[in-house]
Amino acid sequence: MKATLYTQYFSDKISRRYGRRIALNKARDFTSEKLERILRSLSLSFEKKEGRYPRVPWLEGEMFLIDSNVKKSTLIKLIERRL
């Protein structure tokens with residue numbers, strides 16, 4: 001099963017209304033490199049591409065295509081705990 005994660009899910013520049021999916025205090029420490037490290041530590045195969053989240057197309061970002069047997073919401077919670 002493939003899951004798509006946008007870096008905007010973890011950005012402190014946008015509100016939850018526009019798509020942030022983690023707590024603001026965790027989002028302040030987020031970087032794309034940290035996300036890559038976390039995904040590698042979880043032993044997940046992923047592909048990184050340039051992409052904009054449809055809710056906030058004015059913000060540049062990246063998208064991660066992840067092969068995982070875990071639901072997307074569970075994966076986001078795992079990442080949030082490790083930030």
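Readers should treat all values here as calculations from the given coordinates under stated rules, not as data from a laboratory. Treat the numbers as computed from the prediction; the structure is a model and nothing was measured.
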### Task
Just round it to a whole percent: the fraction of Cα-Cα distances in the chain exceeding 15 Å.
53 percent
## Note on the structure
In degrees rounded to 10, the 0-90 angle between helix 32-41 Cα long axis and the longest Cα principal axis of the chain is 20 degrees
### Query
What is the helix-to-structure angle for 72-82, meaning the angle in degrees between its Cα long axis and the longest Cα principal axis of the chain, kept from 0 to 90 and rounded to the nearest 10?
90 degrees
### Query
Full extension from Thr4 to Glu36: what is 0.36 nm times the residue separation minus their Cα-Cα distance, to one decimal in nm?
10.2 nm
### Query
Using a Cα distance threshold of under 23 Å, what count of lysine pairs results for the chain when pairs must be 8 or more residues apart or interchain?
28
